[in-house]
Amino acid sequence: MKRINEIFITGSLLVAFSVFGQDTIQISKSEIVQKMSDQNLQLKIANKSVESARSDYRQSNSLFLPNISASHTAISTTNPLMAFGSKLNQEILTASDFNPALLNDPSQTQNYATKIEVLQPILNADGLYERKAAKAKIEAFQLQTERTKEYLELEVNKAFMQLQLAYKAVQVFEKADATAKSNLKLVENYFKQGMLQKTDLLAVQVRVNEIANQLQYAKSNVRNASDYLAFLLNEDTKGGIYKPTEVLENEISITSMSTGFTANRKDILAMEKSSEAYKQMMQSGRMAFLPRLNAFGAYELYDTEIFQFGASGYTVGAQLSWNLFDGYKSIGKLEKSKAEFQKSEAETEQYKKQSQLELNKASRQLTDAENKVSLTKLAFEQTQESYRIRQNRFTQGLEKTTDLLTDETQLAQKELEFLQAVFEYNFTKQYIQFLTK
């Protein structure tokens, strides 16, 4: 047993200082959450969706603010009506311009017009409800972004624990590799002394090769876990490998967990806000049947030369417009918005039920995981003791090589099963906290 402990310590140190041919990058659990908040691409995309929705809302300011435009127009015409109207606007008409011959066949007339126009909405009921829908859409995206951040915190914590588990698996297989090589030396000595058959030696050599292969596979898993964590953090490790500063927990803390999700969960609130936006769009479709009231005004400057302002005039007024029939366009739009609102309500209700279903499933998984931790821990301890006894008997020539190899294989297997069970329990507990947050 003392020899096994020495091998375990040696394996731990090898993992601590080994870089698998790569540079190691030390990283802590607190660091990954901060880096995820600042750098994760999915979170950046979600924030841009909020900005896009906010821009849509700002467009609705046109319901209250005036639309001001300016233009400068230059024309040259021999059209009788245009020529007469241009002179009239320029305020240069004389008695001779009323000569029928000149009216019917005017000479070339030039006109330069500068116009400043103001359109002021006064009452557009459908637009007011569209503005409310845009506001609800912003709130929905904000809530969804916050929920995305909570999900990513869960995901990076999971990735961090997977990286810890991958390093621990390397330790287990390095310990198993050292143990197998130690047993191989012992078997080789017995074989030289004629105490064992060639088949026994070959079986141990096969076992050593199997462990070497499993060790290489475990190291590849470390690289895979590190790459995924780098992806979540949106970092370029430049060929390096992350190494957690904290080791994987090998104990669990039993705590009571909630069995019902809160209605204030951000993704639920986001869906409700989305339904509210559809509802406001439905109301907008109804208001489209009401008349609209808008004011307008224009100030115009005319001259025979460019950018000269010899004459001016203004126009002000108000317009009440009512679209009585547009070929069922407004009716179809209203029916569509009503169907989308009802669909969003049904989707929200379905999502709530799915969330409760997922929480119930996770709660059962937590109970199963707790039981699995207890059983795998007991199995690991029993396997440790069984291997210790069998190895002692083997050195005395009282056990078969195959029996020793069986226990040796089970020792690594049971330790990994125990560590995996602890990982599953701790992650399931975090997942339930996420579902009830």
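The values are calculated or read from the model by the stated rules, or taken from the named source; none is laboratory data. Every value quoted in this text rests on a predicted model; they were computed, and no experiment measured them. Here the Cβ is made from the backbone with ideal geometry for all residues, glycine too, and neighbour counts use every protein chain on show. Accessible surface is based on the protein model in full, side chains and every heavy atom, while ligands, DNA and RNA are left aside. Shrake-Rupley method; radii C 1.70, N 1.55, O 1.52, S 1.80 Å.
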Name the residue, out of Asn99, Asn67, Asn209, whose mean-square fluctuation peaks in a Gaussian network model built on the chain with Cα pairs under 10 Å. Asn99
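Based on the Cβ-Cβ distance of Phe296 and Glu246, what FRET efficiency does E = 1/(1 + (r/R0)^6) give at R0 = 51 Å, to the nearest 0.05?
Values: r = 69 Å, r/R0 = 1.35.
That gives a FRET efficiency of 0.15.
Work out how much length Leu65 to Gln420 would gain on full extension: take 0.36 nm times their residue separation and subtract the Cα-Cα distance, in nm to one decimal.
Details: separation 355, 0.36 × 355 = 127.80 nm, distance 6.23 nm.
Result: 121.6 nm gained on full extension.
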In a Gaussian network model of the chain with springs linking alpha carbons closer than 10 Å, the residue among Thr395, Thr199, Thr255 that fluctuates most is Thr255
If amide H atoms are built 1.01 Å from N in the plane of the peptide, which residues on other chains or at least 5 residues away come under 5 Å of the amide H of Ser312? Tyr302
Under the rule of at least 5 residues apart or a separate chain, name every residue whose amide H is placed under 5 Å from the amide H of Ile241. Asp23, Thr24, Ile25
Return the distance in nm (one decimal) between the two label points of a simple spin-label model at Phe307 and Ile45, each offset 7 Å from Cα along Cα→Cβ. 5.1
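Rounded to the nearest 0.05, what FRET efficiency do Thr255 and Lys343 have when you use their Cβ-Cβ distance and R0 = 45 Å? Kindly include the intermediate steps, with their values, before the conclusion.
Numbers: r = 40 Å, r/R0 = 0.88.
With R0 = 45 Å, the Cβ-Cβ based efficiency is 0.70.
At R0 = 41 Å, how high is the FRET efficiency between Arg54 and Lys238 if r is their beta carbon distance? Nearest 0.05 is fine.
In this case the efficiency is close to 0.65.
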Please work out how much length the chain gains when fully extended from Ala263 to Gln197, using 0.36 nm per residue of separation minus the C-alpha to C-alpha distance, in nm with one decimal. 16.8 nm
Long-range HN-HN contacts of Ile122 with modeled amide H, under 5 Å: Leu293, Asn294, Ala295
Once you treat every alpha carbon in the chain as an equal point and sum by Debye, what is log10 I(q)/I(0) at q = 0.06, 0.09, 0.10, 0.13 Å⁻¹? -0.55, -0.82, -0.91, -1.17
With a/c under 1.5 counting as rounded, go ahead and sort segment 306-437 into rounded, prolate or oblate using the C-alpha gyration tensor (a ≥ b ≥ c being the square roots of the eigenvalues; past the cut-off, prolate if a/b is larger than b/c, else oblate). prolate
Quick check: at a probe of 1.4 Å, how many percent of the accessible area of the chain sits on carbon and sulfur atoms? 54
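Hey, can you find the accessible area per residue of the chain for me, probe 1.4 Å, expressed in square angstrom?
On the way: 25120 Å² over 437 residues.
On a per-residue basis, 57 Å².
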Student exercise, the chain dipole from Lys, Arg, Asp, Glu Cβ charges, in Debye to nearest 20: 1260
